[in-house]
Amino acid sequence: MESAPILDYNDVKLTRRKITDMISQTLRDARRYEETMERKIGREEKPDFHLSTRVGWMNDPNGFSYYKGEYHLFYQYHPYDSHWGPMHWGHAVSKDLLHWEYLPAALAPDMDYDRDGCFSGSAVVLPDGRHLLMYTGVAKETQPDGSARDIQTQCIAVGDGIDYEKYPGNPVLTRDDLPEGGSKFDFRDPKLWQKSDGSYRCVVGNCTEEGDGRILLFSSPDGVRWKYEKILAANEKRFGKMWECPDFFMLDGKAVLITSPQDMLPYGFEYHNGNGTLCLIGSYDEEMETFTEEHNQSIDYGIDFYAPQTILAPDGRRIMIGWMQNWDTCNLHTPDQPWLGQMTLPRELSVKNGRLYQQPIRELEALRGEEVRHENVTFSDEISLAGIEGRKVDMELTVWPADAEKLYQRFAVRFAQNDVYRTSISFRPYESIVKVDRKFSGSRRAIIHQRRCLVPNKDGNIKMRIILDRFSVEVFVNDGEYVLTATMYTDLSADRISFFADGEVTMDVVKYELK
Ligand code: FRU
């Protein structure tokens, strides 16, 4: 690639005044709209410590980064409707990844090259202290057959953590940078990072013209001038079709590539989500920039999880946040619902025995209120326990057969429960299956309400950490070896929790109300 005129970019003076003068009417409108409309949504109508959309619609997490002493999280955003539409970037900041403060929308589809949407992307901090966003610009183009199709290019914007100016030399990667046979219609979601030598790399989702996903690697000396390097990983028709939202990082001595493939076929107990998530773990030859796969798995085994993105936190933790929805079911609500879209809890990642493990970020412990503990509770029916209820809960269960010689049939914990509603997590030791079931959560739609996960275990011992935040449940099984996530839009008055056993079970439970 020829050198781009880098001076354009270095000459942009980042004073608030100058930037503000340059904010488009489209972005100004979005900012005014979100500020007014957010007041119409009561705090109780939204999750508490999970980031949800300010108004309207949210999908993928974008630009997850640490800048000027705070975590920044942007997101795919359509403020004007609780359904997907022309994509903006919403913006929020947090010091602990749990208390979020909204900032004004950061990007709007206001340039020729992104007039049909500012799609997903990522962020880094430049050596001069500015914040660089890299995102996908979408612009429809009439095709020879008369149809209009989205053309996708990669673009950048530079800012101060509030206002961002799109680079005058955008787009920085176009169809001309694609390898042979790459689709210009499916070329999106750049995730960039800085290497120790100061140069930059980014991975971008793409597919062949036949629709087979692959992840492309690009390099840049400065975050502005980008050059195609290679195909980092290719689907070879194994996991779904187009591969969206890639991320690539080293963790515990392994190379981890995560991506969200569209249109996946289930395989055993893996990949049941249609548009699902894939984690490839392997090795990386730093010099040759070659990734060798060794293991594949779903990232989450529940119903609502997609497009996760990670950050390397200042203290060295690799933290991941995903969109807590499923593309097949996120459009069934009525237009009068003022918001749709929340993120998962941020999760600390590790690789153990070649598998990806996830644990809720440790900051969550600071939200714990009163502790309620019950030990060695043996039961063989439905029970409730004093002090165990609520919809904002952090609860750890350890379960084993009351009689080591006699395995129980089934254990379940039910929550968001009243006489009408309940959602449950159950475990069947004979089959080694953990299941989330929200059939009775209040949904009036005939959609998928259950999902199962195979947890290798034959002795009936299981550990679960269950996090509830009003409209969601996240279950971390056996210290994060398997995770199941689901939303449940059950009336908040359903706040009972009960335990059920078919056969005799003994259980320790410790529960905290989350403040
Ligand atoms: C994934 C995705 C991305 C795209 C964005 C558009 O959920 O389809 O590939 O950038 O959503 O909103």
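The values are calculated or read from the model by the stated rules, or taken from the named source; none is laboratory data. All values derive from a computational prediction rather than experimental measurement. In this analysis, Cβ positions are derived from the backbone assuming ideal geometry, glycine residues included, and neighbour counts consider all displayed protein chains. Each accessible area value is taken on the protein alone, full model and side chains, heavy atoms only, with ligands, DNA and RNA left out. Shrake-Rupley method; radii C 1.70, N 1.55, O 1.52, S 1.80 Å.
Between Leu454 and Tyr102, what is the spin-label point distance in nm, taking each point 7 Å from the Cα along the Cα→C-beta axis?
With each label placed 7 Å out from Cα toward Cβ, I get 4.4 nm.
Compute the long axis of helix 25-38 from its Cα atoms, compare it with the longest principal axis of the Cα atoms of the chain, and write down the angle in degrees, 0 to 90, nearest 10.
It works out to around 20 degrees.
Quick one: if you stick a label point 7 Å off each Cα along the C-beta vector at Lys227 and Asp336, how many nm between them?
Between Lys227 and Asp336, the label points sit 5.9 nm apart.
Treating only the Cα positions of the range 60-186 as identical point scatterers, give the base-10 log of I(q)/I(0) from the Debye formula at each q in 0.09 Å⁻¹.
Reported log10 I(q)/I(0), two decimals: -0.27.
Kindly write out, for the range 501-512 in residue order, the coupling ³J(HN,Hα) from the Karplus curve 6.51 cos²θ - 1.76 cosθ + 1.60 (θ = phi - 60°), rounded to whole Hz, with x marking Gly and Pro.
Here the 3J(HN,Hα) series is 9, 10, x, 9, 10, 10, 9, 9, 9, 10, 10, 10 Hz.
For the range 306-364, which trypsin sites (Lys or Arg not before Pro) pass both filters: DSSP loop (anything but H, G, I, E, B) and at most 10 other C-beta atoms within 10 Å? Before the final figure, lay out each step's value.
Details: sites: Arg317, Arg318, Arg347, Lys352, Arg355, Arg362; in loops: Arg317.
Of the trypsin sites (Lys or Arg not before Pro), not one in the loops of the range 306-364 has a Cβ with at most 10 other Cβ atoms within 10 Å.
Return one whole number: the accessible area per residue of the range 60-115 in Å², for a 1.4 Å probe.
Working: 1770 Å² over 56 residues.
Accessible surface, normalised per residue, equals 32 Å².
What does the C-alpha gyration tensor say about the overall shape of the range 166-321? Classify as rounded when a/c is under 1.5, otherwise prolate if a/b is larger than b/c, or oblate.
On the way: a/c = 1.66, a/b = 1.21, b/c = 1.37.
It comes out oblate by the Cα gyration axes.
Per DSSP H run of at least 4 residues, take -39500 (n - 2.57); add these up for the chain, divide by its residues and hand me the 222 nm value, nearest 500 deg cm²/dmol.
Details: 3 runs with 26 residues, N = 515.
That comes out to -1500 deg cm²/dmol.
If I take the Cα coordinates of the range 98-167 and project them onto the principal axes, what are the three extents in Å, biggest first?
48, 28, 18
Quick one: Cα convex hull volume of the chain, Å³ per residue?
Values: hull volume 77.6 nm³, N = 515.
Hull volume over Cα atoms, normalised by residue count, gives 151 Å³.
Please give the length that would be gained between Val420 and Asp381 if that part of the chain were fully extended, namely 0.36 nm times their separation in residues minus their C-alpha to C-alpha distance (nm, one decimal).
Details: separation 39, 0.36 × 39 = 14.04 nm, distance 1.90 nm.
The Val420-Asp381 span can extend by a further 12.1 nm.
Taking the Cα of Asp508, stepping 7 Å toward and past its beta carbon, and measuring to each backbone N in the range 361-386: which are under 17 Å?
Flagged as within label range: 371-379.
Mind jotting down the distance between the C-alpha centroids of the range 305-375 and the range 450-513, whole Å?
15
Taking 0.36 nm per intervening residue step and subtracting the Cα-Cα distance, what contour gain separates Glu365 from Lys406 on full extension? Don't jump to the answer; show the numbers that get you there.
On the way: separation 41, 0.36 × 41 = 14.76 nm, distance 3.58 nm.
Value of the extension gain: 11.2 nm.
On the accessible surface of the range 275-355, probed at 1.4 Å, how many percent belong to carbon and sulfur atoms? Display every interim value, and only then the final one.
Values: 1360 of 2780 Å².
The value for the range 275-355 is 49 percent carbon and sulfur by accessible area.
Quick one: which residues, 5+ away or cross-chain, put their amide H under 5 Å from the amide H of Ala233? H built at 1.01 Å from N.
Those qualifying (amide H under 5 Å, at least 5 residues apart or on another chain) are Ile215.
For the range 339-428, rounded, prolate or oblate, judged on the Cα gyration tensor with a ≥ b ≥ c (square roots of eigenvalues), a/c < 1.5 rounded, else prolate if a/b > b/c? Kindly include the intermediate steps, with their values, before the conclusion.
Details: a/c = 1.68, a/b = 1.23, b/c = 1.36.
Oblate is the answer for the range 339-428, as a/c is 1.5 or above yet b/c matches or exceeds a/b.
Give the long-range amide H neighbours of Glu165: residues separated by 5 or more places, or on another chain, with amide H under 5 Å away, using H modelled in the peptide plane at 1.01 Å from N.
Distant-sequence amide H within range of Glu165: Val158, Gly159.
Which order do peptides 155-165, 302-312, 467-477 fall in by mean Cβ count within 10 Å, highest first? Intermediate values should be presented prior to the final figure.
Details: 155-165: 21.4, 302-312: 25.6, 467-477: 23.5.
Top to bottom by mean Cβ count within 10 Å: 302-312, 467-477, 155-165.
What ranking do 435-442, 145-152 get when scored by the average of other Cβ atoms within 10 Å per residue, highest first?
On the way: 435-442: 19.8, 145-152: 13.6.
Output ranking for 435-442, 145-152: 435-442, 145-152.
Extension gain Gln297-Ile433, at 0.36 nm per residue separation less the Cα-Cα distance, in nm?
Values: separation 136, 0.36 × 136 = 48.96 nm, distance 1.65 nm.
Gain in length upon complete extension: 47.3 nm.
So what is the accessible area of the range 250-351 per residue, in Å², with the probe set to 1.4 Å? List each step's numbers first, then the result.
Details: 3640 Å² over 102 residues.
Solvent-accessible surface per residue comes out at 36 Å².
I need the calculated FRET efficiency for the pair Asn353 and Leu265, taking r as the beta carbon distance and R₀ as 30 Å, to the nearest 0.05. Let's see the in-between values first.
Working: r = 26 Å, r/R0 = 0.88.
Given R0 = 30 Å and the Cβ-Cβ separation, E is 0.70.
What percent does the relative contact order of the chain come to when contacts are Cα pairs within less than 8 Å and at least six residues apart?
Values: 1372 pairs, mean separation 60.1, N = 515.
Computed value for the chain: 12 percent relative contact order.
Go through the range 112-127 residue by residue and turn each phi into a ³J(HN,Hα) via Karplus (6.51, -1.76, 1.60, θ = phi - 60°); whole Hz please, and just put x for glycine and proline.
Result, rounded to whole Hz: 4, 7, 10, 4, 9, x, 9, 7, 4, x, 9, 8, 9, 9, 7, x.
Return the FRET efficiency for the residue pair Tyr66, Arg445: r is the Cβ-Cβ distance, R0 is 25 Å, and the value is rounded to the nearest 0.05. Each step should come with its number before you reach the end.
Numbers: r = 39 Å, r/R0 = 1.55.
That pair, Tyr66 with Arg445, gives E of 0.05.
What is the mean projected area of the alpha carbon convex hull for the range 349-488, to one decimal in square nanometres? Before the final figure, lay out each step's value.
Details: hull surface 38.3 nm².
Result: 9.6 nm².
Zone of Lys40 (label point 7 Å along Cα→Cβ, backbone N under 16 Å): which residues in the range 314-349?
Under 16 Å, as judged by backbone N against the label point of Lys40, lie 334-340 of the range 314-349.
How large, in percent, is the carbon and sulfur part of the accessible surface of the range 384-515 at a probe radius of 1.4 Å?
Values: 2320 of 5160 Å².
That fraction is 45 percent.
Around Asp508, under 10 Å between beta carbons, what's the net of Lys plus Arg minus Asp minus Glu among the other residues?
On the way: positive: Arg373, Lys463; negative: Glu375, Glu396.
Net local charge, Asp508 excluded: 0.
Return the Rg/Rh value of the range 133-191, two decimal places, where both radii are evaluated on C-alpha atoms and Rh is the Kirkwood radius.
Working: Rg = 13.2 Å, Rh = 12.6 Å.
We get a ratio of 1.05 for the range 133-191.
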